[in-house]
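The values are calculated or read from the model by the stated rules, or taken from the named source; none is laboratory data. As the structure is a prediction and not an experimental result, all values here were calculated from the model. A quick note on method: Cβ atoms are made from the backbone with ideal geometry, for glycine too, and the neighbour counts reach across all protein chains shown. Please note that ligands, DNA and RNA were not included when accessible areas were found on the heavy atoms of the full protein model with its side chains. Shrake-Rupley method; radii C 1.70, N 1.55, O 1.52, S 1.80 Å.
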Amino acid sequence: MNLWLNRLVPSVPADLTGPADLARYELNNAGIRAEFNENSAMGDAWRVEPRLDGSFLLTGGQTGLLYASYRLITGLVCGEEFLGSLSSAPKYALRMINCWDNMDGSIERGYAGRSLFFRDGRISYDPDRMRTLGRAMASAGLNVLCVNNVNVHDPAQRLLEDFLPGLAALADLFRPFGVRLMLSIDFSQPMRHGVSSADPLDPAVRAWWKETAARVYAAIPDLAGFLVKADSEGRPGPFSYGRNHADGANMLAEALKPFGGYVVWRCFVYNCRQDWRDTRTDRPKAAWDHYACLDGTFAGNVILQVKHGPFDFQVREPLSPLLLGMKHTNLAMEIQLAQEYTGHQIDLYTMIPMWKELFDELPADSIMSIAAVSNLGDDENYTGHPLAAVNLYTYGLMAWDPETDAKEAVTRWIRLTYRFAPEQEQTLAGLLLSSRRIYEKYTAPLGIGWMVTPHSHYGPNPSGYEYDLWGTYHKADRNAVGIDRTHAGTGYLDQYPESFRTKYGDPAVCPDLFLLFFHRLPYSFRMKDGRTLIQRIYDDHFEGLEETRDLARELAAIPFPEPDATVIRARMKLQLYNAGEWCDVINTFFHRLSGVPDDRGRIIYD
Ligand code: GCU
């Protein structure tokens, strides 16, 4: 079973009593002598002091001791020497994985098989695999696991009802790993129980949620809370009753407060039935328009979970303005490990360079938690593509410390997972770190996004969403492409602070890779390096394909063990095909529209 530590050290036993017990087991197993100084006030934080006799003194809360142990074990596996004392505390309180698993066993946007938690409408799991996952999460510093899809399909509502004991048993399994469960709930759930509405201001609704919270917390006292997708893509929510999202979230927060639970309320709210002829609505503006005016009105145990960009996990989006503009509200940033728009865990796409860019833009204390949509499934290797596990691991490191160095994190994962010679490690780290940029080059150009095959979101279809109702248009014609989102255009840029407006507002200054996100430009527009926009589009696509070929060649030279070697080879073949499709379709699309030839005379099909 392939998730870093499990590759190298035997699995953990079933009879663990808690995180400190697990920490002792792991250290013994790794041959590390240690003494524990438990200090519950430290929580997840820890300190490690090496002693002269070769042992270590570990100080921390129960979970802190566990994190310290994993830090020691993973460090030693990676050849680190622990000569001086080390201490650490996580930057974010909740470091969450959101699984989009349905109870029939399918996974929304899942690319690694079926659900690890559900099958045929019931809870169903392999306890050994749960422990492997718990260990993987703990060793990466992750502490919250939401097991069910944010789109709560029947019978997932029953997780709060007759499936509760099963869920409690699952929570017991994860507890020694310091991992708390979270549950996605259906805002209209009271109506399944004879309550006439789900209106958050209706006393009967409030009473129902309070009773439910008490029942749930009696079964799972450390449940992290509820995750809510409301008034979004057809899900029920407070809007049906003329209420706003603070009314909705605060109502649930009141019910969870006595038990220390959080309401994690997603901000993915936009008009998903837009008429493409409507040029006044600009989808990226939606989240800000709904929530910015509510800043300061949310209860202390509400966390607004905001997707990192204003659209939906495209390869390149600017940081969501909502993450910058809600200073009096708890925020979590949501990222997506599941490669929905980024290659379906077929194409290589290592995400940490992209996260680093996001964190560079994010002021230090603007968010207090972080969530990632899971890339897990019941495939033997858990992530479909064996190399996609690097995203899960490095996400954990970033969620603990956003200053984490991308190359070090990737190298650490390689060392924990495989045993390669140092040059091979370096080569693989380089390939992984360049994979996002390569993917970006052969897909939709310069921040425009959305040129994917509708619904599946794999492969090119430049106008697949153009006359549809999702608000994701590029408006390419024979002269120009893109949407003007500056003050003179849709006004989206006005939602940002001054520094962002300066950075992105003028096409002459705006970073190339964001040009078509913010501007509508003629194909003859001169880029900073003198190339025309159309030439840059052609060049990126040809280069992206060429670089994929190089990537495939270099990856083939790395001696992966089986079964990884076979899976990696097979997926690379598919990626090569995909890159070729993207390159040709996008270049042909723009060539047919613009009539401008490639100035290097390469083949573009007409
Ligand atoms: C995207 C994705 C959906 C998902 C939604 C969400 O739109 O395609 O499958 O439900 O995001 O984040 O809620």
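Side notes on the structure shown:
- Where Tyr262, Tyr217 fall by accessible area, highest first, once all protein chains stay in place (1.4 Å): Tyr262, Tyr217
- Take the Cα of Glu466, step 7 Å toward its Cβ, do the same at Asp278, and the gap between the two points is 2.2 nm.
- Percent of beta bridges antiparallel (DSSP, the stretch 94-417, rounded to nearest 5): 10 percent
- Derived scalar couplings ³J(HN,Hα) [the stretch 487-499; Karplus, 6.51 cos²θ - 1.76 cosθ + 1.60; whole Hz; x for Gly, Pro]: 4, 6, x, 6, x, 4, 4, 5, 6, 9, x, 3, 4
- Cα gyration tensor shape for the chain, rounded if a/c is under 1.5, else prolate or oblate: oblate
- Among Asp275, Asp512, the order of accessible area from largest down is Asp275, Asp512, computed with a 1.4 Å probe on protein heavy atoms.
- FRET E, pair Lys528, His487, Förster distance 22 Å, beta-carbon r, rounded to 0.05: 0.50
- Non-local lysine pairs in the stretch 94-417, meaning eight or more places apart or on different chains, with alpha-carbon distances under 20 Å, amount to 10.
- Cα centroid separation, the stretch 544-580 to the stretch 220-290 (Å): 41 Å
- Checking every one of the trypsin sites (Lys or Arg not before Pro) in the stretch 192-261 against DSSP loop status and a limit of 13 other Cβ atoms within 10 Å picks out no site at all.
- Net charge dipole size for the chain [Lys, Arg +1 and Asp, Glu -1 on Cβ; Debye, nearest 20]: 240 debye
- Ranking Gly194, Ala112, Gly530 by how far each Cα lies toward the positive end of the dipole of the chain (charges on Cβ) leaves Gly194 at the top.
- Rounded accessible area per residue of the chain, 1.4 Å, Å²: 37 Å²
- Computed 3J(HN,Hα) for the stretch 371-380, one whole-Hz value per residue from the Karplus formula 6.51 cos²θ - 1.76 cosθ + 1.60 where θ = phi - 60°, is 9, 9, 5, 5, 10, 8, x, 8, 4, 3, glycine and proline marked x.
- For Cys293 and Arg569, the FRET efficiency from 1/(1 + (r/R0)^6), where r spans their Cβ atoms and R0 equals 51 Å, is about 0.45.
- Only helical runs count toward this figure. For the chain, summing -39,500 (n - 2.57) over DSSP H runs of n ≥ 4 and dividing by all residues gives -11500 deg cm²/dmol at 222 nm.
- Within the stretch 525-606, the chymotrypsin sites (Phe, Trp or Tyr not before Pro) that combine a DSSP coil assignment with at most 16 other C-beta atoms in a 10 angstrom radius are Tyr605.
- The simple Förster model, with R0 at 41 Å and r as the Cβ-Cβ distance, assigns Gln426 and Ala41 a FRET efficiency of 0.45.
- Within the stretch 19-88, the proportion of Cα pairs with more than 18 Å between them is 26 percent.
- Relative contact order %, the chain, counting alpha carbon pairs below 8 Å whose residues are six or more apart: 13 percent
- Annotation note: trypsin sites (Lys or Arg not before Pro) in the stretch 330-437 located in DSSP loop regions with a Cβ neighbour count of at most 15 within 10 Å are Arg419.
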